[in-house]
Amino acid sequence: MKKIIVFLSLLFLVWACKKADEVLPDTFLGFVRPSNFPEPQYDLSRNGITQAGFELGKRLFYEGRLSRNNTISCGSCHIQSAAFTHHGHDVSHGIDDRLGTRNPQPIMNMAWDKEFFWEGGVFDLDLAAVRAITSEVEMDETVPNVLLKLRAHPEYPSLFEKAFGTPEITDERFFKALSQFMLMAISDQSKYDKVMRNESGFAFSDEEKAGYLFFQNKCSSCHSEPFFKDKIYRNNGLKPSVINDLGRYEITLNPLDKYKFKVPSLRNWQYTSPYMHDGRFLTIERVLEHYRNGMVDSETLDPIFRNPDGSIGIAMTDAEVANLIAFLKTLNDKEFVTNPLLSEPTIGSSTTIN
Amino acid sequence: MSKINFNNIAILLFLTFTLASCKKNDVEIDENKMGDFSVEFQNIMGGETFKLDWEYKNAKNEPFKVSTLNYFISNIKLKNANGETYVVPAEESYFLVKADDLSSRFTNVKVPEGDYTELSFILGVDSLRNTMNVEDRKGVLSFDPDAGHSGGGMYWGWNSGYIFFKYEGTCQLISDDQNGDPTGKKQFKYHIGGFGGYSSPTINNIKEITLNLSNAGNAQVREGFRSNAHLFVDISKVFNGPNVISIVEHPNVMFSEFSQNIANNFPSMFSHDHTENFVKSSEELD
């Protein structure tokens, strides 16, 4: 009998250890800049990332109380396996099954962004959550009410104390904790990254090399390395949608900004389908076909697409398309979309969602 | 004789006290001493008192009722007769005036002793503060459930920036279609913001208001007392200012070129009615 008890206790210990391991790796490394990335845009000296702050941010990211009826969390529409987008949804799908007008953007490498959302309406990562919380079609809540819900919760005051020294739940702490989680969502383990860092055992194939050359000639002026976007708002010749989304114009009211959207990153494209600001294209082939043969001219079409012969678009042979896709596949980062550090805490772990 | 004497003493004492208190008013100004100063924003509607849920008519003869009226005041400055200006430190100078909370009509600040002849402030939250980090947005600028602005919904989450003038109500002439209020509630909603843009220039609807106090009473600020510059804020001017607005034609005004027509009506709302000086208790102002 005694032996059985000892065995069972050992078993329990092993199980308990395993649970803890699932939550976080043994050591929390904090924010580490990948060697092939530049210095971040976000001022980390204002909001130093700690394990407790990050864990609080992660819990908040997956917290349904951020929405009016406690059903929708950030993680509901920013799903890790889809590189923190809403896989399979052309536009965001929020509270009470209400639909938005835009395709949710991935949450990755946010530390290097300076403006957020398709039209750049938010210029501070710390204020990005306000948009989703207050949007009638996403969370339909108010920030003060979220803070009241967190203050009334049995665990959050102590989690805020761990992260910030005292149990007060203020807007600043709430935003900064969320930012800590988002800042840690770093995607830097794609094959492309490993090749760029000369990691042993990683090299482009001939096809990928050819695709990379083509990419550098024809794509990288907008999809600039290493983030594969240039943070500029451009009209890429999409036919205006039924709702006539004017994009950047909504923020600047400048007619020259009509139909311009922020150039999206190509990283993790395999996980973030569908594509474009309204999710109209389902496959990468269809996206490339748009540039090859489907662009619509307009006053604000980006001049980069205008060819000397008067045509618009990017000419590509089928072989070039094949090479390009081979290269683009090296931008997918499976470790990022499966990294347990960023995963929704499971029931039974130390950060159970109540 | 001795009986009268007692009365005389009382009268003498009273006179002495009166003189003494008069003298106090003329005491030399010590700019190292701080006194209390407030601007009182009393909303009015044309020649009428302002009441929520009360029917008024605009210049287009459209009847309307107001359900919400909130606005930000910031960056208070005072100038004396010598042309010297005192700028209230920015972080102490943000106020949210809400029609449903009478106590919010006072903006209480501390300023050095002086006789001030000109008042200026910003209707709105200055552009710089709109771009600051969350830790630099305290009090009414925060999302705090008790003190913040979001209970009033004074912020655009989608287009980072404060809604600095929020004016909502109903007008029974508003249509029930897309050009009016499709919910059938006959609502008008004016959410005015726009601070000039962060990385790209755009409209700036913030208005600096400057008022001469010398005609209706300078602000005499002294330590231990409060001076209160009592303003009338004529809300009828939102529709009936230099730009005459039809509620039926414009039931919703938010972030748009058109919002500038509303913002350009704002300066005409403000007038200085009088100043209460040497106020000892806020009860004197109620």
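The values are calculated or read from the model by the stated rules, or taken from the named source; none is laboratory data. A quick note: this is a predicted structure, and the numbers were derived from the prediction, not measured. All Cβ positions, even for glycine, are placed from backbone atoms using ideal geometry, and neighbour counts span all protein chains on display. We work out accessible area using only protein heavy atoms, side chains counted, and drop any ligands, DNA or RNA first. Shrake-Rupley method; radii C 1.70, N 1.55, O 1.52, S 1.80 Å.
Quick rundown of the values:
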{"read-out": "Single match in A:Asp96, A:Asp43, A:Asp90 (criterion: open to solvent by 20 Å² or more (accessible area, probe 1.4 Å) and closer than 17 Å to A:Pro264 by Cβ)", "value": "A:Asp90"}
{"read-out": "Exclusive hit being hydrophobic (A, V, I, L, M, F, W, C) and within 23 Å of A:Ala315 (Cα to Cα), set A:Leu282, A:Leu256, A:Leu246", "value": "A:Leu282"}
{"read-out": "Where A:Asp124 falls short, out of the listed (1) in contact (Cβ under 8 Å) with a residue 60 or more places away in the chain; (2) within 11 Å of chain B (Cβ to nearest Cβ)", "value": "(1)"}
{"read-out": "Leading residue by the ranking (surrounded by the most Cβ atoms within 10 Å (Cβ to Cβ)) among those in region A:268-292 that are within 19 Å of the chain's Cα centre (by Cα) and among the aromatic types (Phe, Trp, Tyr)", "value": "A:Tyr271"}
{"read-out": "Candidate set: region B:249-270, residues that are open to solvent by less than 50 Å² (accessible area, probe 1.4 Å) and part of a strand (DSSP E or B); chosen: the one farthest from B:Lys60 (Cα to Cα)", "value": "B:Phe270"}
{"read-out": "Of all residues making up region A:75-87, the number that are more than 19 Å from A:Pro264 (Cβ to Cβ) and in contact with a helix residue (DSSP H, G or I) (Cβ under 6 Å, 6 or more places away or on another chain)", "value": "1"}
{"read-out": "Evaluation of A:Asp245 against (1) free of Cβ contacts under 8 Å to residues at least 24 places away in the same chain; (2) within 14 Å of another protein chain (Cβ to nearest Cβ); (3) open to solvent by less than 30 Å² (accessible area, probe 1.4 Å); (4) within 25 Å of the chain's Cα centre (by Cα) (one fails), failing number", "value": "(1)"}
{"read-out": "Selection count, region A:248-264, where residues are open to solvent by 30 Å² or more (accessible area, probe 1.4 Å) and assigned to a loop (DSSP other than H, G, I, E, B)", "value": "4"}
{"read-out": "Every residue from region B:108-140 that is among the hydroxyl-bearing types (Ser, Thr, Tyr) and either within 15 Å of B:Glu208 (Cβ to Cβ) or free of Cβ contacts under 8 Å to residues at least 12 places away in the same chain (or both)", "value": "B:Ser120, B:Ser127"}
{"read-out": "Matching residues, region B:43-74, being part of a loop (DSSP other than H, G, I, E, B), open to solvent by 50 Å² or more (accessible area, probe 1.4 Å) and closer than 26 Å to B:Phe121 by Cβ", "value": "B:Gly47, B:Lys51, B:Leu52"}
{"read-out": "Residue that is in the same structural domain as A:Lys58 (by TED's automatic domain parsing), over 28 Å from B:Met154 (Cβ atoms) and either open to solvent by 10 Å² or more (accessible area, probe 1.4 Å) or outside any helix (DSSP H, G or I) (or both), where the choices are A:Glu168, A:Glu161, A:Glu172", "value": "A:Glu161"}
{"read-out": "Pick from region A:102-121, criterion at the interface with another protein chain (Cβ under 8 Å from one of its Cβ atoms) and open to solvent by 20 Å² or more (accessible area, probe 1.4 Å), ranking: modelled with the highest pLDDT", "value": "A:Phe117"}
{"read-out": "A:Asp188 being surrounded by 20 or more Cβ atoms within 10 Å (Cβ to Cβ), closer than 30 Å to B:Lys138 by Cα, under 23 Å from the mean Cα position of the chain (by Cα) and not aromatic (Phe, Trp, Tyr)", "value": "no"}
{"read-out": "Qualifying residue in region B:122-136 (condition: within 14 Å of another protein chain (Cβ to nearest Cβ), closer than 22 Å to A:Val143 by Cα and touching a helix residue (DSSP H, G or I) at 6+ places or on another chain (Cβ under 6 Å))", "value": "yes"}
{"read-out": "Unmet requirement for A:Ala129, which otherwise passes all of (1) within 14 Å of chain B (Cβ to nearest Cβ); (2) closer than 20 Å to A:Asp230 by Cα", "value": "(2)"}
{"read-out": "Which numbered condition B:Asn240 fails, given (1) away from chain A (no Cβ under 14 Å); (2) open to solvent by less than 10 Å² (accessible area, probe 1.4 Å)", "value": "(2)"}
{"read-out": "Candidate set from region A:79-101 (those that are in a helix (DSSP H, G or I) and among the charged types (D, E, K, R)); member that is nearest to the other protein chains (Cβ to nearest Cβ)", "value": "A:Asp96"}
{"read-out": "Enumeration of residues in region A:224-233 that are open to solvent by 40 Å² or more (accessible area, probe 1.4 Å) and within 14 Å of another protein chain (Cβ to nearest Cβ)", "value": "A:Lys231, A:Ile232"}
